[in-house]
Amino acid sequence: MKTTPLTARHRALGAKMVDYAGFEMPVQYSGLVDEHLTVRSKVGIFDLTHMGEFELTGPGALDTINMVASNDASTLQVGEIQYTCLTNERGGIIDDILVYRTEQGFLLVVNAANTAKDYAWIEQHLKPATQLVDRSPELTLIAIQGPKSAALVEEVLDLSVADLKNYTFMEPSYKGVNVLLSRTGYTGEDGFELYFPNSFAEELWDAFLNQGEKYGVKPIGLGARDTLRLEARMPLYGNDIDEDTTPLEAGLGRFVKLQKDFIGREVLLKQKEEGVQRKLVAFTMVDKGIPRQGYPILTLDGQQIGAVTSGTHSPSLDHPIGMGYVPVDSAKPETEIQVQIRKKLARAKIIKGRFLT
């Protein structure tokens, strides 16, 4: 397994380590529920160095990203960030990524398990005089998430984030080293991401933990990251979206700009005109039982209509929640469905919006 520059720190903190996308990563430290609630009420720090980062530069950079991705990167100003989907010829999602508009071109942040696949796909569609560089091996990525994250970031980096709006970034320095500081988040809370050279990984990690004691900061593993994003109804690649699901089916239509040309556009245009046949829905359990990925979803009369893509016992709500694909005629909010949990059928209700208000 690959390691990150912070692996020794995780082990010293007593983290439970697991194989995630080929990296040895912390799944939990003090416990999933404790870590989850820390991010909801205070502030947590995540090691996300397993994620991939590509630099796309040159005269054809904009045309390249606009051809391979569903959103329109031409609307981005320097310092702005955009969520988008890399799509295949069938309109399926190769990956969901973030696009940062830099002075030089674009920084693309991709999911860890898809780094090699995404690089090959973008490289295959590079426009002339355009360079694609994988910067993942040289960059450390940590995230600071939670209601007290802004105060902690300001203290450690000695700056103000008052003008740093959601889905924007700035490039301050830390002890003479350039840092890219963005404000996106994947938890439903206010959150920041810091990209910087590997040589500063332990020093910055320690600074956030030490200076964050007054804010109640704790290191957070990938287990709580998953429950946090699910409560915020954010899709996870490999669970809720993949190459056989389209952005329209997944409820990501606002990130699809059909007025421009891109790979899979014709399929998605037809799908929009005709209407999707299935939708990704969120549901809460009515009966006891925790929905897990792959569990069948059925109508009240017992007909299987789909499967759970993500499910857990929500630490914030103290209640089981889940997501899954169902036919459009079964996808309306307040519709009751059933989830087969082992050998029992348990009722659930489809909701509108996020699980947390």
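Points to keep in mind about this one:
- Residue within segment 104-115 that is of a type outside the set (Lys, Arg), under 19 Å from Pro137 (Cβ atoms) and assigned by TED's automatic domain parsing to the domain that holds Gly223 present: no
- Residue match in segment 249-271 (condition: under 30 Å from Ser41 (Cβ atoms), in a strand (DSSP E or B) and of a type outside the set (Ser, Thr, Tyr)): no
- Among the residues making up segment 299-326, those that are surrounded by fewer than 18 Cβ atoms within 10 Å (Cβ to Cβ) and in a strand (DSSP E or B) are Gln304, Ala307, His313, His319.
- The residues of segment 75-88 that are within 12 Å of Tyr100 (Cα to Cα), surrounded by fewer than 19 Cβ atoms within 10 Å (Cβ to Cβ) and either at pLDDT below 95 or out of contact with any helix residue (DSSP H, G or I) (no Cβ under 6 Å at 6 or more places or on another chain) (or both), listed by number, are Thr75, Gln77, Val78, Gly79, Glu80.
- Given (1) within 22 Å of the chain's Cα centre (by Cα); (2) of a type outside the set (Lys, Arg); (3) loosely packed, with under 15 Cβ neighbours inside 10 Å; (4) closer than 30 Å to Leu268 by Cα, number of the condition Pro128 does not satisfy: (1)
- Residues of segment 174-187 classified as touching a helix residue (DSSP H, G or I) at 6+ places or on another chain (Cβ under 9 Å), modelled with pLDDT under 95 and of a type outside the set (Phe, Trp, Tyr), total: 3
- Tally of residues being more than 10 Å from Glu53 (Cα to Cα) and part of a helix (DSSP H, G or I) across segment 103-125: 10
The values are calculated or read from the model by the stated rules, or taken from the named source; none is laboratory data. These figures come from a predicted structure and were not determined experimentally. Cβ: placed from backbone, ideal geometry, glycine included. Neighbour counts: every protein chain shown.
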